[in-house]
Amino acid sequence: MRAGVPGTSGEDVAPRAVGAERPAEPSPVRVALASAASLGLMVALLFGPAGRLDWTAGWIYLGILVASLRINYACLRRWNPELIERRMHLPSDTKTWDKVWIGFFSPLFVAVYVVASLDAGRGGSTMPAWLWPVGLALFVPGMALFTWSMVVNPFFEKTVRIQTDRNQRVIDTGPYQYVRHPGYVGFFGWILSAPLFLGSWWALVPALLSAAGVIVRTALEDRTLREELDGYEDYARRVRFRLVPGVW
């Protein structure tokens, strides 16, 4: 993912390809500033509503999240550096329906952290300790799959559009040979693990709504690709499932 907290999961669409002209990689200073701003936002979301800084679960989660994003950045820097720059912009030709979707999804995703923080600050719901490793079991493979999808797909931008300016083609290697939207599958691990890491039953509500929102985006994005991207229909016949093999 981009070097920061995602307001959107990103266009993890199955198809992307090598474009004509490679943009300049972002400067280290710019990346550092974006990362610092994102870290500040996460600290505010996790500890602001709680009204306390002595929330151990919050600090542990923040550490895990920062470490995973640093690994994500290092992998992109090594194997797909231009994507870092691509994901720092909102393209003007983003599909209108996706702009609307982002407007609905972003508050839901943010609410996962706000609700968990409020829960911690007010001594609300408490999950059993054994659910924490369940969260870890969701998060680690989810982030690994998310990062793998980004590494092999140079068109994994933040928003949904047909990248005619970059001669977009279908990507069917790596995890894209198994399902058509593997990045979204990985993102589910991030979304659903957060309430378990933070020990909040109430945070499961916006987390489940966020996951449902990603499923909606998957369906809309897949339809867009079938209609507008050359070769995608054939790819969809070869790789039949969008998210879960044998299911959908």
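Derivation of every value follows stated rules applied to the coordinates shown; laboratory data play no part. Owing to the predicted nature of the structure, the values given are computational and were not obtained by experimental measurement. All Cβ positions, glycine included, derive from the backbone under ideal geometry; neighbour counts span all protein chains shown.
Odds and ends about this structure:
- Taking segment 124-150 as the range and being small (G, A, S) and in a helix (DSSP H, G or I) as the test, the residues that pass are G135, A137, G142, A144, S149.
- Residue list for segment 104-124, restricted to those being surrounded by fewer than 18 Cβ atoms within 10 Å (Cβ to Cβ) and aromatic (F, W, Y): F104
- Cross-chain or 6+ apart pairs with Cβ under 8 Å, segment 125-147 first and buried (at least 20 other Cβ atoms within 10 Å of the Cβ), then of a type in the set (F, W, Y) and assigned to a loop (DSSP other than H, G, I, E, B): M127/W201
- Every residue from segment 27-69 that is of a type in the set (D, E, K, R) and within 23 Å of P195 (Cβ to Cβ): R52, D54
- Scope segment 228-248; condition surrounded by 14 or more Cβ atoms within 10 Å (Cβ to Cβ), part of a loop (DSSP other than H, G, I, E, B) and not basic (K, R); matching residues: L229, G231, V239, F241, L243
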